[in-house]
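See structure below.
Every number here is computed from the coordinates shown, using simple stated rules; none is lab data. The shown structure was predicted, so the numbers you read here are calculated from the model rather than taken from an experiment. For neighbour counting, all protein chains shown are included, and Cβ atoms are generated from backbone atoms with ideal geometry for every residue, glycine included.
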Amino acid sequence: MGSAEKKRMTRRTFIKAGMVGTATALIAPPALADSLQKMAESERSAFPKPVYRTLGRTGLKITVVSFGAMLTPEPEVIRVAIEQGVNYIDTARKYMGGKNEDIVSKAVKGMRDKVFIASKTLPESKTKAEIIRDVETSLKALGTDHIDVIQLHNLTDRRRIFIAESREALAQLKKQGKVRFCGVTTHKNEAEVLNALVDDPDRFFDTCLVKYNFKSDKEVAAAIDRAASAGIGIIAMKTQAGGYETTALGKISPHQAALKWALQNPKVTAAIPGMKDMTQLREDIAVMGMPFTYADVRRLDRYADAIDPFYCNFCGSCEAGGPRGVEISTINRARIYAEGGYRDISLARATYAELPQQATAAACVDCEGCAARCVNGLDIAAKMDRARALLS
Ligand code: SF4
């Protein structure tokens with residue numbers, strides 16, 4: 001096996017090879033053991049030295065590239081990341097229909113003290129009883145006695161930040177030591193949500209997991225700046241703008257450039273790219289310590305052009321123009337889960353299914369022409385047709 005081929009070998013493959021190696025070491029010549037040892041060393045040196053930043057007023061020092069576990073089917077991928085120093089894992093009660101927390105639980109077994117775990121209550125949970133139920137369920141699924149950061153999932157405006165019952169539940173869970181810090185997540189109206197966290201006289205929430213990428217508006221960057229300056233810990237998600245595969249850059253992937261773009265902002269503590277396998281893990285965590293360069297700017301320009309016909313930034317501007325209350329931004333998010341780099345039809349369908357029937361793309365069928373207009377020129381009617389075909 002050539003050295004390039006060895007490098008391409010995944011950790012999982014290596015472990016399997018290692019197991020074979022262990023069994024055959026008894027009969028294998030020393031040369032085989034040597035080559036396995038060298039392979040292990042090259043695997044180790046392929047990972048960068050972790051880089052840490054402080055997550056706002058929580059004081060947690062977390063890796064700038066942290067682990068989005070949403071799509072990770074194998075605990076081993078997360079375990080390798082932890083072994084390499086990645087110390088913040090983001091999951092949610094909702095992901096994989098509740099199974100994602102089980103995967104994280106297996107991944108952190110025996111290493112719980114090396115990582116911070118962030119999870120999320122269900123998006124629809126608002127009452128005290130619902131929030132407490134979600135957290136208790138997560139604690140059980142994660143096999144832990146505490147969650148480091150619990151987040152209210154998918155805020156689309158400022159209202160949920162101020163629900164007294166939700167806060168009561170979170171305060172009680174904190175007092176019991178079941179959660180350490182509280183946050184929110186948002187991928188629509190991000191600036192409104194971030195600003196509300198700062199304007200909250202109680203400053204109840206400590207962190208915000210926010211959609212932030214090279215396609216984000218200046219308004220979002222300004223709100224991140226303000227929130228971070230007020231001590232709110234900022235974690236970026238959706239940094240890959242859909243994670244589309246493209247040939248627009250030849251063989252070069254735009255994804256490292258996209259990650260570096262988000263992390264060049266010092267007000268962003270970390271990003272949590274979703275990592276499905278060892279290839280994605282390598283690509284993403286290699287970014288730690290890398291500068292954002294002019295070549296990255298060029299790559300992102302070309303990537304942006306390539307994804308323009310598909311990418312929706314969930315701004316919701318078009319929704320006011322549609323007469324039927326169709327939630328175009330959420331439908332597009334679900335469509336991107338199915339068609340973008342996620343390629344996760346279950347997640348796409350689950351996201352689509354959260355919508356009330358009258359807000360789905362089914363409501364578009366009888367319209368003669370689409371009155372909704374996209375600020376970025378997306379063909380909304382075509383996207384709704386596509387969503388209906390994929391997700392109904
Ligand atoms: S379709 Fe266009 S206007 Fe509507 S949410 Fe997406 S980017 Fe915004």
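General observations
- For the chain, relative contact order (Cα pairs under 8 Å, six or more residues apart, normalised by length) works out to 14 percent.
- Summed side-chain charge close to VAL65 - residues other than VAL65 whose Cβ falls under 13 Å, Lys, Arg +1, Asp, Glu -1: +1
- Summing charges over all other residues whose Cβ lies under 14 Å from the Cβ of GLU124, with Lys and Arg as +1 and Asp and Glu as -1, gives +3.
- Net charge over other residues, Cβ less than 9 angstrom from the Cβ of ALA359 (K, R count +1; D, E count -1): 0
- Highest average packing first - 258-265, 361-368, Cβ atoms within 10 Å: 258-265, 361-368
- Dipole in debye (nearest 20) - region 239-296, about Cα centre, beta carbon charges: Lys, Arg +1; Asp, Glu -1: 100
- Restraint check, LYS99/LYS215; LYS61/LYS178; LYS175/LYS238; LYS99/LYS260; LYS49/LYS178; LYS120/LYS211, Cα-Cα greater than 24 Å: LYS99/LYS215; LYS175/LYS238; LYS99/LYS260; LYS49/LYS178
- Coil-residue GluC sites (Glu not before Pro) of region 285-364, DSSP, other Cβ within 10 Å capped at 14: none
- The amide H of GLY183, built 1.01 Å from its N in the peptide plane, has ILE150, GLN151, LEU152, ASP206, THR207 as neighbours under 5 Å, considering only residues 5 or more places off or on other chains.
- Computed about the Cα centre, the dipole magnitude for the chain is approximately 820 debye when only Lys and Arg (+1) and Asp and Glu (-1) carry charge, each at its Cβ.
- Averaging the sequence gap over all C-alpha pairs within less than 8 Å and six or more residues apart, then dividing by the number of residues, gives region 319-380 a relative contact order of 39 percent.
- Computed E for SER317/ASP385 - FRET, C-beta separation, R0 22 angstrom, nearest 0.05: 0.60
- One chain, two ends: ASP301 and ILE163. Fully extended at 0.36 nm per residue, the span grows by 45.6 nm beyond their Cα-Cα distance.
- Only helical runs count toward this figure. For the chain, summing -39,500 (n - 2.57) over DSSP H runs of n ≥ 4 and dividing by all residues gives -13000 deg cm²/dmol at 222 nm.
- Normalised alpha carbon radius of gyration of region 105-238 [divisor 2.2 N^0.38 Å]: 1.04
- Per residue, the convex hull volume that the Cα atoms of the chain enclose (Å³): 146
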